[in-house]
Amino acid sequence: MVAIGKTSDMQKPTQRRGAQQLFATNMRRIRLERKLTQEKVAEAAGLHPNYISSVERGERNISIGNIENIAFALGVSMSDLVADSQPTEKKKISQGKTS
């Protein structure tokens, strides 16, 4: 008999992945900074408002095409939506060093 693998190690669909949550957080922050509703973003991006809502909750594994559409609708670059504003441990260490 062949063991298939433990399903307990697999991520559940309802668990949020780091990149999805980062995108969701950035998207919501930018949308609110620009005082846009989810409906306005959806319309400008050619997407359904329910889809935009689920993206902002980090529930969607969004395609590169939809990232482009949302970036256009928000008036930002695609990289702005995936930028990590939190310093990494390496950045924290290098900031404390003097040359």
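Within segment 48-75, the set of residues being polar (S, T, N, Q) and either at pLDDT 95 or above or touching a Leu at 6+ places or on another chain (Cβ under 8 Å) (or both) comprises Asn50, Ser53, Ser54, Ser63, Asn66, Asn69. Can Val76 be described as surrounded by 14 or more Cβ atoms within 10 Å (Cβ to Cβ), touching a residue at least 60 places away in the same chain (Cβ under 8 Å) and on the phi < 0 side of the Ramachandran plot? So Val76 does not fit the description; no.
The residue list Arg31, Arg60 contains one member that is of a type in the set (Lys, Arg) and either within 18 Å of Gly18 (Cα to Cα) or part of a loop (DSSP other than H, G, I, E, B) (or both), which is Arg60.
Of all residues being β-branched (Val, Ile, Thr) and under 22 Å from Ala83 (Cβ atoms) in segment 25-58, which is surrounded by the fewest Cβ atoms within 10 Å (Cβ to Cβ)? Just the residue, please.
The selected residue is Thr25.
Listed by first and then second residue, the pairs with beta-carbon distance under 9 Å, at least 6 apart or on different chains, first residue in segment 17-30 and more than 16 Å from Ile64 (Cα to Cα), second among the acidic types (Asp, Glu), are Thr25/Glu56; Arg28/Glu56; Ile30/Asp80.
The values are calculated or read from the model by the stated rules, or taken from the named source; none is laboratory data. Please read all numbers here as calculations on a predicted model, not as lab measurements. For neighbour counting, all protein chains shown are included, and Cβ atoms are generated from backbone atoms with ideal geometry for every residue, glycine included.
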